Amino acid sequence: MMDRDVKDCIIVGGGIAGLQAAIQLGRYSAYDVLVIDRGTGRSTICKSYRNILGWPEGVSGEELRQRGRKQAEAVGVAFAADDIRKAERDEAKCFVLTGKDGTRYRAKSMLLATGLMDRFPKLPGLMSTLGTSVFVCPDCDGYEIQDRKTVVLGSGDPGANMSILLSERAKEIIYVNHEGQPASSENMTQLANLGIPYIEKRVTEIQEEGGILSAVVLEDGSIIRAERGFISFGGNMIYSELAEQLGAELEHNRHVKTDPRSKMTSVELLWAAGDLGVHSELTTVAMGEGATAAIWIHKTLKKMTSQAVT
């Protein structure tokens, strides 16, 4: 196995939170920072964020990632393509990370920005519409369905809850329970009271043109015309395995608990930012958390250096 030099900080995850942290740390011009990214994650599938300052026409997750990496590299941050499978600490209290092919990385401090991935079925047409006309986050994109006919594709209560939440925004909401999991009687009553049609059938296809949803095709061949869509299946994958291996405290839903001020986890010198933590999952919040974590990593590393000198 190959052993790398000890970095001042390793950031695991090259999405929005990780890149913003990398840019902030790089701009201190004082640290050896490495971002390790496997090239997947929520931001890789979103084709248009429209709620970010300065991007009123929208910007794709891929463009943000490309621009962010270039910006971080310009201030001295290094990048490695790898999938970290194991995290531990050695006798010197350094973090030791092992990649998928056995490559090892060591660092004095670490930021986890590994995020999450929404669970959704593989349906023809769905990937083409995600982030353009089919959305996952009501805080990010509830505005996009304002006064539009909207179909919610989901499972049981997660889909029912999303439909109820969005009912105040859309012109018309239809809930298609694709997986047929039961929703609570309370939710079913609320759907009925709000006049939200409930359909318990599998979806076979998303019809779209240029990424814009036009209809949902059901297993019996029937077609639901719609202008926008949301997905809500529950059971999202939270990539908190590395935090758990290091002993960080997790919430009941496997998101990582952090100090609200510094974003440090319950493990000394281990930070977490973005969708991995407990927040509203907004891209802009992920940016803020990445920057906040970087500021506190800087403060801590600077203090460690001064203590070592004295």
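The values are calculated or read from the model by the stated rules, or taken from the named source; none is laboratory data. Bear in mind the structure is a predicted one, so any value in this text is a computation, not a measurement. Ideal geometry is used to build each Cβ from the backbone, glycine not excepted, and the neighbour counts take in all protein chains shown. Note: areas computed on protein heavy atoms with side chains; ligands, DNA, RNA excluded. Shrake-Rupley method; radii C 1.70, N 1.55, O 1.52, S 1.80 Å.
Within the stretch 160-199, which residues have the backbone N less than 20 Å from the label spot 7 Å out from Tyr143 along Cα→beta-carbon, could you tell me? The answer is 165-172, whose backbone nitrogens lie closer than 20 Å to the label point.
Taking the chain as the reference, fit the longest principal axis to its C-alpha atoms, fit the long axis of helix 16-26 to the helix C-alpha atoms, and give the angle between the two in degrees, 0 to 90, nearest 10. The angle comes out at about 20 degrees.
Since only Gly125, Ala226, Met287 are under comparison, the one whose Cα sits farthest along the positive direction of the charge dipole of the chain, derived from C-beta charges on Lys, Arg, Asp and Glu, is Met287. Compared with the dominant Cα axis of the chain, that is its longest principal axis, helix 156-166 is turned about 90°. With a threshold of 32 Å on the Cα-Cα distance, the over-threshold entries among Lys70/Lys100; Lys70/Lys171; Lys70/Lys257 are Lys70/Lys171. The distance separating the Cα centre of the stretch 99-134 from that of the stretch 12-79 comes to 14 Å.
Counting only DSSP beta bridges with both residues in the stretch 127-267, the antiparallel share comes to about 40 percent.
Surface analysis of the chain yields an accessible area of 47 Å² per residue, using protein heavy atoms and a 1.4 Å probe. Under a 5 Å amide H cut-off, with hydrogens placed 1.01 Å from N, Val134 pairs with Gly229 among residues at least 5 apart or on other chains.
Summarising the strand pairing of the chain, around 40 percent of its internal DSSP beta bridges are antiparallel.
The radius of gyration of the Cα set in the stretch 27-149, together with its Dmax, comes out at 18.1, 60 angstrom. Within the accessible area of the chain, the carbon and sulfur atoms contribute 48%, probe 1.4 Å, all protein chains present.
Mean-square fluctuations from a GNM of the chain, with a 10 angstrom spring cutoff on Cα atoms, peak among Gly18, Gly247, Gly274 at Gly247.
Report, to the nearest 10°, how far helix 283-309 tilts away from the longest principal axis of the Cα atoms in the chain, using its own Cα long axis and a range of 0 to 90°. For 283-309 against the chain, the angle is about 10 degrees. Pick from Arg228, Arg65, Arg261: which is most flexible by mean-square fluctuation in a GNM of the chain where alpha carbon atoms under 10 Å apart are linked? Comparing Arg228, Arg65, Arg261 in a Gaussian network model of the chain, the most mobile one is Arg261.
For Lys201, give me every one of the aspartates and glutamates with a C-alpha distance below 13 angstrom, ignoring sequence neighbours fewer than eight places off in its own chain. Within reach: Glu179, Glu219, Asp220.
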